[in-house]
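The values are calculated or read from the model by the stated rules, or taken from the named source; none is laboratory data. Bear in mind that the values here come from a model prediction, so they are computed numbers and not experimental data. No Cβ is skipped: glycine too gets one built from the backbone with ideal geometry, and neighbour counts run over all protein chains shown.
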Amino acid sequence: MPVEYDEELVEELRRVFARLESKVRLLFFRDPSAECLYCEDIEQILELLSATSGGKIVVTQHTAGSEEARRYSIDLYPAILVHGIDEWNVRFFGIPAGHEFGALVEDILDASTGRPEVSPVVVSALRQYVRRPTRIMVFVTPTCPYCPLAVRTAHKFAMMNRNIYGDMIEAIEFSDLADRYEVYAVPKVVIQVDGRDAVEFEGAAPDSYFAARVLEAHSVEAPAELLRELEHL
């Protein structure tokens, strides 16, 4: 089991989830026709989250080819989709274990409020210039301490603009995809626009830098306000 169920963890989750302002829905997708090494582990993680939330986290299960999978453009399995006060494209492909477990918990908190911590300058740029489907793929491994920072940025951006799909992709589970993008170090970020690869970079980065790379993927120069934020990094 990738997440230990000691009493300290259970009590900490209860304290954290006491801050939930509204219900959060976790949609779990799997492909019954394919081998899934970690699906049972993922189910246990989701059960733990639900059990410690006081009824505020609801878990539903869906399969490849289902109406929900088509509706939310789920193309890799297993997958977790995080919905809160709105339906965003906040997605985990593969097991959210190790350091990524913390990213999932923080996403749940943000989903319950719809108010992730993002500077107004970044929010304005994302909403003004990202008008086409934009997929931010963040390749991670469970032992990478910096990967959750990149995952959280992609997910916060997805909450700011529903044209953005923020995806954690566990590189070991999806090794063929990781090989395709030559993932030799993590986190590695690949940004697609309209399904086409546009920008790639490695490492966790501040929101303003991340946003500038998203705009670059759209062939948009960073506005002056965003450049000023970058200068103060």
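Residues are listed down the side, and each one gets a yes or a no for (1) modelled with pLDDT under 95; (2) surrounded by fewer than 19 Cβ atoms within 10 Å (Cβ to Cβ); (3) among the hydrophobic types (A, V, I, L, M, F, W, C):
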{"residue": "PHE139", "(1), (2), (3)": "no, no, yes"}
{"residue": "ALA150", "(1), (2), (3)": "no, no, yes"}
{"residue": "HIS155", "(1), (2), (3)": "no, no, no"}
{"residue": "ILE164", "(1), (2), (3)": "no, no, yes"}
{"residue": "ILE172", "(1), (2), (3)": "no, yes, yes"}
{"residue": "LEU177", "(1), (2), (3)": "no, yes, yes"}
{"residue": "ALA198", "(1), (2), (3)": "no, yes, yes"}
{"residue": "GLU202", "(1), (2), (3)": "no, yes, no"}
{"residue": "ALA212", "(1), (2), (3)": "no, no, yes"}
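To keep it simple, each residue is scored yes or no on (1) farther than 20 Å from ASP107 by Cβ; (2) not aliphatic (A, V, I, L, M).
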| position | (1), (2) |
| --- | --- |
| ILE164 | no, no |
| ASP167 | no, yes |
| ASP176 | yes, yes |
| ARG180 | yes, yes |
| VAL189 | no, no |
| ASP194 | yes, yes |
| ASP197 | yes, yes |
| PHE201 | yes, yes |
| ALA205 | no, no |
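Pairs meeting the criteria (first residue in the stretch 31-45 and over 17 Å from PRO96 (Cα atoms) and in the same structural domain as LEU104 (by TED's automatic domain parsing), second residue of a type in the set (Gly, Ala, Ser) and part of a loop (DSSP other than H, G, I, E, B), beta carbons under 8 Å, at least 6 apart or on different chains) are ASP31/ALA64; PRO32/ALA64; SER33/ALA64; ALA34/ALA64.
Please tell me if ARG196 is under 18 Å from ILE164 (Cα atoms), of a type in the set (Lys, Arg) and touching a strand residue (DSSP E or B) at 6+ places or on another chain (Cβ under 9 Å). Give the steps one after another, and end with the answer.
Details: under 18 Å from ILE164 (Cα atoms): yes; of a type in the set (Lys, Arg): yes; touching a strand residue (DSSP E or B) at 6+ places or on another chain (Cβ under 9 Å): no.
Criteria not met by ARG196.
Cβ-Cβ contacts under 7 Å between residues 6 or more apart (or on different chains), taken from a first residue in the stretch 111-136 that is at positive phi to a second residue that is among the aliphatic types (A, V, I, L, M) and surrounded by fewer than 20 Cβ atoms within 10 Å (Cβ to Cβ), are listed as GLY114/ILE85. Suppose we filter ALA154, ALA185 for residues that are under 17 Å from the mean Cα position of the chain (by Cα) and either outside any strand (DSSP E or B) or over 23 Å from ARG228 (Cβ atoms) (or both); which single one remains? The conditions single out ALA154.
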